[in-house]
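Remarks on the structure that follows.
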Amino acid sequence: MQALSIQNFLTQAQEYIKKAKPANIPGWASDTHFTIDPLGQGEYNMNFLIRQGKAAWVLRVNTGSTIGLSTSNQIMYEFQTLKLLAPTGVSPMPYFVDNSLRLLPFGVLGMAYLEGDWLDYQQDLVDSARLMARYHQLAVPERDNHLIREEQPLTSTYQHCREMLQVYLESDLANPRLRAYLLEVIAWAKEARLQERYFLEDPWYAIVNTEVNNSNWIVNRKANTIHLVDWERPLWGDPSQDLSHFRVPTTTLWKTNYRLTEDDKTAMMSTYKDALSDPHLRDTIEERTRLRDPFNCLRGISWCAMAWVQYQRGNHHLKNPDTAAKLRMYVDLKFVRALFDPYVVG
């Protein structure tokens with residue numbers, strides 16, 4: 001498979017806009033000259049900044065799904081989520097969606113451009129906690145929503161991790177010592193997932209992002225605004241998922257070299273709880289989040305181990321040099337042991 005890059009896809013994205021003539025974009029005239037520039041590339045998407053005079057918006061091209069949806073359904077799922085979130089102001093305003101695959105073999109989404117920087121864990125911890133509390137409390141119909149429902153939070157994470165890890169465990173490229181240790185970790189997780197009875201006996205459902213790493217946030221310090229911009233794989237699940245994913249080392253180290261301190265975690269959780277209106281969630285969110293932490297670490301390591309093999313074999317659709325460097329770090333035995341020894345050995 002030839003790896004896609006945002007640079008070599010630029011012309012195709014430009015031609016798409018000329019032919020599709022997207023509507024519903026504020027200040028946009030489809031027959032007028034525009035500029036297009038690469039904005040950012042993830043593992044399953046490419047984002048382009050489109051400018052025309054004072055008008056600016058983002059063209060998002062989706063190349064795959066991490067939640068088992070088809071190409072056309074994945075982009076529609078994201079668009080519907082952005083529409084659902086629109087009243088809260090926490091995410092970009094969606095303008096249009098095209099899942100016809102007529103002009104491109106990928107799903108396409110148009111949304112507002114939000115100018116700013118990635119989240120800084122030291123500067124933006126409190127504001128990010130408040131924002132998560134805001135969308136976690138969004139009134140969403142319990143049954144009548146498009147979101148995939150997370151029925152068994154720890155079991156589903158364990159099963160997904162086990163599947164991803166098989167790619168590494170069965171590869172002739174795997175480090176034998178890391179393979180042996182990962183087998184210990186997955187055996188521990190099989191037993192530890194039984195703690196999910198806590199969630200089953202006291203369920204709490206909300207819209208959760210599941211991908212709250214710092215590069216998915218946009219902070220505009222001049223305007224004093226903060227947004228969560230990537231809604232590729234939201235779920236209808238327990239809010240502890242986002243809080244745990246936000247604070248574990250596999251997330252914070254992904255695009256930075258920062259680990260949250262215990263004081264950071266205390267400040268984050270205290271701010272989040274202060275922003276909640278429901279006393280029961282306020283009283284239980286610490287325990288919910290604590291149970292999630294090792295499973296979110298396992299999720300990060302499992303994906304990285306799988307992706308590391310795919311990168312070596314050239315099987316990854318999009319290839320990001322920064323990601324390749326982090327993958328090497330995340331399949332280092334010493335790094336992995338530091339994450340899981342407190343659970344597996346302790």
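Take every Cα pair under 8 Å whose residues are at least 6 apart in sequence, average their separation, divide by the length of the chain, and the relative contact order is 19 percent. About its Cα centre, the chain has a charge dipole of approximately 800 debye under the convention of +1 per Lys or Arg Cβ and -1 per Asp or Glu Cβ, with nothing else charged. The distance from the alpha carbon centre of region 144-189 to that of region 32-67 is 32 Å, rounded to a whole number.
With a Förster radius of 22 Å applied to the beta-carbon distance between residue 343 and residue 152, the computed FRET efficiency rounds to 0.65.
Mean sequence separation of contacting Cα pairs (under 8 Å, at least six apart), scaled by the length of region 260-346, corresponds to a relative contact order of 25 percent.
Remark: spin-label model distance residue 70-residue 139 equals 3.6 nm, labels positioned 7 Å along the Cα→Cβ axis. Look at the dipole of the chain built from charges on Cβ: of 291, 10, 159, the Cα furthest out on the positive end belongs to 10.
Please list, or write none, the aspartates and glutamates whose alpha carbon is within less than 12 Å of the alpha carbon of residue 273, excluding same-chain residues fewer than 8 places away. Correct list for residue 273: 283, 286. Largest accessible area first, the residues 230, 274 order themselves as 274, 230 under a 1.4 Å probe with ligands, DNA and RNA left out.
For the options 28, 57, 308, a Gaussian network treatment of the chain with springs between C-alpha atoms closer than 10 Å singles out 28 as fluctuating the most. Of 33, 245, the residue with the largest accessible area leads and the full order is 33, 245 (1.4 Å probe). Here is what passes the span test in the chain: the DSSP H helices with alpha carbon length of 20 Å or more along the helix axis and a Kyte-Doolittle mean of 0.0 or above are 176-192. In terms of overall dimensions, region 89-225 has a Cα radius of gyration and Dmax of 19.9, 51 angstrom.
Per-peptide packing, taken as the mean over residues of other Cβ atoms within 10 Å, places 283-290, 218-225 in the sequence 283-290, 218-225 from highest down.
All other residues whose Cβ lies under 13 angstrom from that of residue 165 are scored, Lys and Arg at +1 and Asp and Glu at -1, for a net of +1.
Across region 26-167, C-alpha contacts under 8 Å between residues 6 or more apart give a mean separation that, scaled by the residue count, equals a relative contact order of 17 percent. Ligands, DNA and RNA are left out, and with a 1.4 angstrom probe the accessible area of region 93-184 is 51 Å² per residue. Each residue of region 47-59 was assigned a 3J(HN,Hα) from its phi angle through the Karplus expression (A = 6.51, B = -1.76, C = 1.60, θ = phi - 60°), giving 10, 10, 8, 10, 10, 8, x, 8, 7, 9, 8, 10, 9 Hz with x at Gly and Pro. Once you've got the Cα coordinates, tell me which of 255/334; 18/222; 54/222; 21/83; 83/255; 19/54 are over 25 Å apart. Distance filter (> 25 Å) returns 18/222; 83/255.
When the surface is traced with a 1.4 Å probe over the full set of protein chains, residue 229 keeps roughly 30 Å² accessible.
When the surface is traced with a 1.4 Å probe over the full set of protein chains, residue 32 keeps roughly 70 Å² accessible. Note on region 164-289: with charges restricted to the Cβ of Lys and Arg (+1) and Asp and Glu (-1), its dipole about the Cα centre is near 460 debye.
Using a probe of 1.4 Å, the accessible surface attributed to residue 44 totals some 50 Å² when neighbouring protein chains are kept in position.
Gyration tensor analysis over the Cα atoms of region 279-338 returns equivalent ellipsoid semi-axes of 32, 13, 9 Å (largest first, whole Å). The calculated 222 nm mean residue ellipticity attributable to helices in the chain amounts to -15000 deg cm²/dmol, summing -39500 (n - 2.57) over DSSP H runs of n ≥ 4 and dividing by all residues.
Among 76, 93, 306, the order of accessible area from largest down is 93, 76, 306, computed with a 1.4 Å probe on protein heavy atoms.
According to the calculation over all Cα-Cα pairs in the chain, the P(r) per 10 Å bin from zero is 5, 24, 33, 26, 10, 2, 0 %. Taking amide hydrogens as placed 1.01 Å from N in the peptide plane, the amide H of residue 40 sits under 5 Å from those of 47, each at least 5 positions away in sequence or on another chain. Out of the total accessible area of the chain (probe 1.4 Å, heavy atoms of protein only), what percent is carbon and sulfur? Summing carbon and sulfur atoms, their accessible area is 49 percent of the total for the chain.
The dipole here belongs to region 41-160: it is taken about the Cα centre, uses +1 on the Cβ of Lys and Arg and -1 on the Cβ of Asp and Glu, and is about 420 debye.
The values are calculated or read from the model by the stated rules, or taken from the named source; none is laboratory data. Keep in mind that what you see is a predicted model, and the values were worked out from it rather than measured. Note that each Cβ is placed from the backbone with ideal geometry, even for glycine, and that neighbours are counted across all protein chains shown. In case anyone asks, the SASA skips ligands and DNA or RNA and just uses the protein heavy atoms, side chains included. Shrake-Rupley method; radii C 1.70, N 1.55, O 1.52, S 1.80 Å.
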